[in-house]
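The structure under discussion appears below in the form of structure tokens.
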Amino acid sequence: MRSATTLLSKPWTWSFFGAAFVFILAISFTGGVGAADMITTALSLAVFTIVVGLGQMMVITLGPGNVDLSLPANIGLASAVSMTLMNGSDSLVAVGLLAALGCGLAIGIANYLMIRALGIPPIVATLSSSFVVQSMDIAYGRGLQIKPPPGFADFINLQIGGVPVSAILVILLSAGVALLLRRTAYGRSVLAVGQNARAALFAGIAVERTRAATYALCGMLGGLDGALLAGYFRGANVDIGNEYLLSSIAVVVIGGTSVAGGKANVPGILGASLFLVLLLTMLNTFGVSAGVRLVATGLVIAAVVIAAGNRGLTDPDPG
């Protein structure tokens, strides 16, 4: 009984409960038809939200006001750059992926430099950066017709027993991020800076170096996501990352990461991403309009956060 109570006290558990509840509602409406396909599709699409969610989580963990609003533009530009360099050849996949990571890294560093050098809030700096990057993306990627290498596209869509290989890989990536936070000096520095930047500075932590590395890491994950999305949807698109602005923040909050900083919750990102994808799938299944979907999504997200008791906003436990 105590173990069940302890489990329920973890904010990330509510994201999984929400995902299970939405799934049950959806299959009840369809009479169970297509349940396996729904899970497979949800796992495939959740991968992309998880990747950007992990990056956004790291930035938000730095403390109040830290957020990266340039992710959608970053994703769009990286998708175009990676597809151009791959040029439809499987032998150039590694080059394209490295270019996507490099593109995201450059954007992440630029975001930090704007925050640091100009002394402006991160929300303003990254929003301004997104406009610049989006302009570059439009000039570079508008009308781009290059398809991804067939082997790369097939791998992104590959399934084993109905389970997407990309979902397995992103779980491994999430485990790596969790280890990074718990077991490395950098991860502990991120948590310390988020809890109290001044105290972290007095403790000898390189606060600005930690912030720079975190924005760079977030940018790289955004760039990687752009390449993966282009492979999944078999082509780059200027607007391919648009939906990940709010969703990347939503999964962080729903998953139990503290918006006040100092607490990162990796398991919650997984559950919240699956929850959001299943919610959208359910609403599409019900045939509701776009406006109703937005309202319903907002209400359900609020309900999940309230059900979790907002523990994720205040509890400094990094689990």
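The values are calculated or read from the model by the stated rules, or taken from the named source; none is laboratory data. Keep in mind that what you see is a predicted model, and the values were worked out from it rather than measured. Methodologically, a virtual Cβ is constructed for each residue, glycine included, from the backbone with ideal geometry; neighbour enumeration extends over all protein chains shown. Note: areas computed on protein heavy atoms with side chains; ligands, DNA, RNA excluded. Shrake-Rupley method; radii C 1.70, N 1.55, O 1.52, S 1.80 Å.
Taking the Cβ of residue 186 as the centre, find all other residues whose Cβ is under 15 Å away and add up their charges (Lys, Arg: +1; Asp, Glu: -1). Show your work: numbers first, answer last.
Working: positive: 182, 183, 188, 209, 211; negative: 208.
Local charge sum for residue 186: +4.
Considering only protein heavy atoms and a 1.4 Å probe, what is the carbon-and-sulfur percentage of the accessible area of segment 50-265?
Details: 6060 of 8960 Å².
Answer for segment 50-265: carbon and sulfur cover 68 percent of the accessible area.
Just to be sure I understand: if I project the alpha-carbon convex hull of segment 80-210 onto a plane and average over all orientations, what area do I get in nm²?
Values: hull surface 43.3 nm².
In nm², the orientation-averaged hull projection of segment 80-210 is 10.8.
Using only alpha-carbon positions, what ratio does the radius of gyration of the chain give when scaled by 2.2 N^0.38 Å?
Numbers: Rg = 19.3 Å, N = 319, 2.2 N^0.38 = 19.7 Å.
After normalising by residue count via 2.2 N^0.38 Å, the value is 0.98.
Please compute the length gained on full extension between residue 36 and residue 296, using 0.36 nm multiplied by the number of residues separating them and subtracting their Cα-Cα distance.
Working: separation 260, 0.36 × 260 = 93.60 nm, distance 2.42 nm.
That pair, residue 36 and residue 296, stretches by 91.2 nm at full extension.
Give me the one-decimal nm value for the distance between modelled label points at residue 284 and residue 203, 7 Å along each residue's Cα-to-Cβ direction.
Those two pseudo-labels are separated by 4.4 nm.
Can you compute 3J(HN,Hα) from phi for each residue in segment 154-160, using the Karplus curve 6.51 cos²θ - 1.76 cosθ + 1.60 with θ = phi - 60°, rounded to whole Hz and x for Gly and Pro?
5, 5, 4, 9, 5, 10, 10
Amide H of residue 257 versus every other amide H placed in the peptide plane: which residues, excluding those fewer than 5 positions away on the same chain, fall under 5 Å?
265
Order these peptides, 213-226, 231-244, 179-192, by their mean beta-carbon neighbour count within 10 angstrom, highest first.
With the highest mean Cβ count within 10 Å placed first, the list reads 213-226, 231-244, 179-192.
Kindly state, to the nearest 0.05, the FRET efficiency for residue 118 paired with residue 182, given R0 = 41 Å and r defined as their beta-carbon distance.
Working: r = 33 Å, r/R0 = 0.82.
Plugging the Cβ-Cβ distance into 1/(1 + (r/R0)^6) gives 0.75.
What's the ranking of 54-62, 95-103 by average number of surrounding C-beta atoms within 10 Å, highest first? Before the final figure, lay out the partial values.
Details: 54-62: 27.9, 95-103: 20.7.
Listed from highest to lowest mean packing, they are 54-62, 95-103.
Going through the DSSP H helices of the chain, which span 24 Å or more along their own axis at the Cα atoms while scoring at least -0.5 as a mean Kyte-Doolittle hydropathy? Provide the component values of the computation, followed by the final result.
On the way: long enough: 11-30 (30 Å, 1.48); 35-60 (35 Å, 1.80); 93-118 (37 Å, 1.88); 122-141 (26 Å, 0.97); 165-183 (27 Å, 2.04); 207-232 (37 Å, 0.56); 266-286 (31 Å, 1.94); 290-307 (25 Å, 2.26).
Span-like helices here: 11-30, 35-60, 93-118, 122-141, 165-183, 207-232, 266-286, 290-307.
Report the charge-dipole magnitude of the chain in Debye, nearest 20, computed about the Cα centre from +1 at each Lys and Arg Cβ and -1 at each Asp and Glu Cβ. Kindly include the intermediate steps, with their values, before the conclusion.
Details: 15 positive and 11 negative charges, 150 e Å.
In debye, rounded to 20, the chain gives about 720.
Projecting each Cα onto the charge dipole of the chain (Lys/Arg +1, Asp/Glu -1 at the beta carbon, about the Cα centre), which of 196, 44, 271 comes out farthest on the positive side?
My answer, from the dipole projection, is 196.
Might you tell me the accessible area per residue for the chain, computed with a 1.4 Å probe and given in Å²? Present the calculation step by step, with values, prior to reporting the outcome.
On the way: 14110 Å² over 319 residues.
Per residue, the chain has 44 Å² of solvent-accessible surface.
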